[in-house]
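Report on one structure; see the data block that follows.
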Number of protein chains: 2
Amino acid sequence: MYTLLRENIAKHIYLTDDEFEQFSAPFYLQKVQRKQMLLREGEICKFEGFVNKGCLRVFYLDESGFEKVLYFAVEGWWITDIDSFTNQSASILNIEALEDSEILMITFPYKNILYDTLPKVEKLFRIMTQKTHAALQRRMISSLSKTADKRYLEFITKYPHLEQRLSQQQVAAYLGISHEFLSKIRKKVAKLR
Amino acid sequence: MYTLLRENIAKHIYLTDDEFEQFSAPFYLQKVQRKQMLLREGEICKFEGFVNKGCLRVFYLDESGFEKVLYFAVEGWWITDIDSFTNQSASILNIEALEDSEILMITFPYKNILYDTLPKVEKLFRIMTQKTHAALQRRMISSLSKTADKRYLEFITKYPHLEQRLSQQQVAAYLGISHEFLSKIRKKVAKLR
DNA sequence: TTGTTTTTTTGAACTAGTTCAACTTTTCCT
DNA sequence: AGGAAAAGTTGAACTAGTTCAAAAAAACAA
C-alpha cells in the first residue's frame, strides 16, 4: 500500500524504515469512484493526497462557467489545493476523480504534527514544493510564449501516457483552448506524420 | 540594512534576535546598476537574492527572440532562478535590473549550511515557496481563462505601484501580449473612466 | 540645450483561436 | 445488446490578438 509513496519520497530525501513508518502512519487510504468530487469551490481543503492509483483533475470554473484544468494527477502525484490547505481558507478549485482512484490522504492537523515531530518532513515538502513550482514556471513560460499546437505537442511529449487516459475536452481545458480547436490541431498534426 | 528583510521574514515565521543574526550573517549586499544583468540564460544561478531597493525583471527569451517576463521583483521580493539554483543546473532565465538596485544575496553553499544549522530556515522557505506557488497558480488560472484586458486590469489592481515603474513593453511582456495591443487596451480602458 | 535613442501610438492587413450549429462516433448504463 | 448520453468532428462566421510600418512622444546623453 505504501510502496509507491516510499519510492516517491526517496526521490527527494532519504528516510530510514522507522522514519518512513512514522511518516506514513497518519495517512489513510481513501477510495473514490470516477466522477466523485474530492473538493468543491468554496470548501476548505481538508487533505493533502498522494495518488496511489487512478487519475484526477484539479480544475477551475471561470466566469463563463468554463472549466480550466490546472493539472492532472495520476499515480505518484500529489493533489491538494495548496492555498486552501495551507491557509485553511475557502478554495477556488475543484478536484474530481476521472477514474476510480485510491488516494493516501493526510489531514491538516496531522501534517502539522508531522512537521513538528519529524523535521525531515519540512525539508521534504520544501524540496517537493520547489520542484512543483519550477515545473509550473516552465508551464507559465510556455503559455506566455507558445501557440496552442506547440503547447499540445509539448504536452503529449512530456506526458506520453496521459493523453490516452483523458478525453480531448480535458486536454483542451488544460491547454486553455476550445475542444473544437484542439480537434483541428490534432487533425493537422496527424497529417504531418 | 536588514530591516526590510527582517520584516519580510516575520510575515512567515518568528525568529529571535539571535536566530535572525545567524540567518542574516551569510547574506551580502550587492549593488547593481540599471540594465545590469544578474543572470544570463545558460549560466548556473549562484545566488538567491532579496530586493532591498530597486526593481528587476526575470525574463525568458522565446524561439523568436521575444522577451517574456516571468515576474518583476521590487523591494521585499526574492529573486533567483529556483530551478537553476536548487539543482545547480543551467538556467533558461535571465535576470536584469530595471533600476539601480540593492540585493541581499546568499550563495548556494551558504544556504545549505543555513538549512542544516537553523532548522527553522527549512520551514521558512517551505512556507515562502508554498505561497509563491499558490500565487503562480492563480496567475496560471488567469492566463488560462481571461482575455488580455482583464489580465491587464487585474495586474494594475494587484500591483498598483508597479506599473509606474515599468515601461509598457515590460508590462506587455508580463501579460504575454504585444506592446502595440497593450497600447490599444490602455486607450480603451482610459475611455471608460 | 540639441540631437539620438527608446518608447508609445495608430492604422491596416493578417492569423490564431472562438463560437455556434449540425452531424458522427464512442462510451456508458442497465 | 440497445438506447441514451457524452465526446469528437467539421465548416462558416466571427473576434482577440499579431505584425508591420510609419509617426509622435518621451527619455537619455553629451
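The values are calculated or read from the model by the stated rules, or taken from the named source; none is laboratory data. Nothing here was measured: the structure is a model prediction, and the numbers come from that model. Neighbour counts run over all protein chains shown; Cβ positions are idealised from the backbone, glycine included.
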Next item on the list: Please specify each residue of segment B:72-86 satisfying the condition of being more than 15 Å from B:E41 (Cα to Cα) and facing chain A (nearest Cβ under 9 Å).
Entry: B:T86
Margin query: Within segment B:46-64, does at least one residue satisfy the condition of being loosely packed, with under 13 Cβ neighbours inside 10 Å, farther than 22 Å from B:Y115 by Cβ and free of Cβ contacts under 8 Å to residues at least 24 places away in the same chain?
Written below: yes
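Quick grid of which residues meet (1) more than 20 Å from A:S145 (Cβ to Cβ); (2) within 21 Å of the chain's Cα centre (by Cα); (3) of a type in the set (K, R):
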residue	(1), (2), (3)
B:H133	yes, yes, no
B:Q137	no, yes, no
B:L144	no, no, no
B:T157	yes, yes, no
B:P160	yes, yes, no
B:R165	yes, yes, yes
B:S178	no, no, no
B:I185	no, no, no
Next item on the list: Go through the residues of segment B:54-66 one by one and say whether even a single one is under 25 Å from A:M128 (Cα atoms) and part of a helix (DSSP H, G or I).
Entry: no
Notebook entry, point to check: What's the number of the condition B:L162 fails, among (1) surrounded by 18 or more Cβ atoms within 10 Å (Cβ to Cβ); (2) within 14 Å of DNA strand C (Cβ to nearest atom); (3) in contact (Cβ under 8 Å) with a residue 40 or more places away in the chain; (4) of a type in the set (A, V, I, L, M)?
Noted result: (1)
Next item on the list: With the condition kept exactly as written, say whether any residue in segment B:175-189 is in contact with a Leu (Cβ under 8 Å, 6 or more places away or on another chain), aliphatic (A, V, I, L, M) and more than 10 Å from DNA strand C (Cβ to nearest atom).
Entry: yes
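Per-residue answers, yes or no, for (1) touching a residue at least 40 places away in the same chain (Cβ under 8 Å); (2) in contact with a strand residue (DSSP E or B) (Cβ under 6 Å, 6 or more places away or on another chain); (3) surrounded by 22 or more Cβ atoms within 10 Å (Cβ to Cβ):
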residue: A:G76; (1), (2), (3): yes, no, no
residue: A:Q88; (1), (2), (3): yes, yes, no
residue: A:D116; (1), (2), (3): no, no, no
residue: A:E122; (1), (2), (3): no, no, yes
residue: A:F125; (1), (2), (3): no, no, yes
residue: A:A134; (1), (2), (3): no, no, no
Notebook entry, point to check: For A:I113, are the conditions met, namely being outside any strand (DSSP E or B), facing chain B (nearest Cβ under 9 Å) and closer than 30 Å to A:D18 by Cβ?
Noted result: no
Margin query: Which numbered condition in (1) in contact (Cβ under 8 Å) with a residue 60 or more places away in the chain; (2) within 14 Å of chain B (Cβ to nearest Cβ); (3) more than 16 Å from DNA strand C (Cβ to nearest atom) is the only one that A:K68 fails?
Written below: (3)
Checklist line | Evaluation of A:G42 against (1) within 26 Å of A:L162 (Cα to Cα); (2) part of a loop (DSSP other than H, G, I, E, B); (3) not hydrophobic (A, V, I, L, M, F, W, C) (one fails), failing number | finding: (1)
Item checked: Those residues of segment B:40-65 which are within 14 Å of chain A (Cβ to nearest Cβ) and closer than 20 Å to B:F125 by Cβ, in sequence order -> B:C45, B:E48, B:V58
Next item on the list: Tell me, yes or no, whether segment B:170-177 has at least one residue that is touching a Gly at 6+ places or on another chain (Cβ under 8 Å), within 13 Å of DNA strand D (Cβ to nearest atom) and of a type outside the set (S, T, Y).
Entry: no
Check: Looking at A:I92, is it within 9 Å of chain B (Cβ to nearest Cβ), of a type in the set (A, V, I, L, M, F, W, C) and within 16 Å of DNA strand D (Cβ to nearest atom)?
Finding: no
Checklist line | Subset of segment A:53-73 (residues that are under 20 Å from A:L104 (Cα atoms) and over 12 Å from the mean Cα position of the chain (by Cα)) | finding: A:K53
Checklist line | Candidate set from segment B:121-156 (those that are within 7 Å of chain A (Cβ to nearest Cβ) and within 16 Å of DNA strand C (Cβ to nearest atom)); member that is farthest from A:R126 (Cα to Cα) | finding: B:S145
Notebook entry, point to check: Which residues, taken from segment B:33-77, are among the polar types (S, T, N, Q) and modelled with pLDDT of 95 or more?
Noted result: B:N52
Margin query: B:M140 - would you say it is touching a His at 6+ places or on another chain (Cβ under 8 Å) and under 18 Å from A:Q130 (Cβ atoms)?
Written below: no
Next item on the list: Being over 30 Å from B:S89 (Cβ atoms) and crowded, with 20+ Cβ neighbours inside 10 Å narrows it down to one of A:S183, A:S84, A:S167, so name that one.
Entry: A:S84
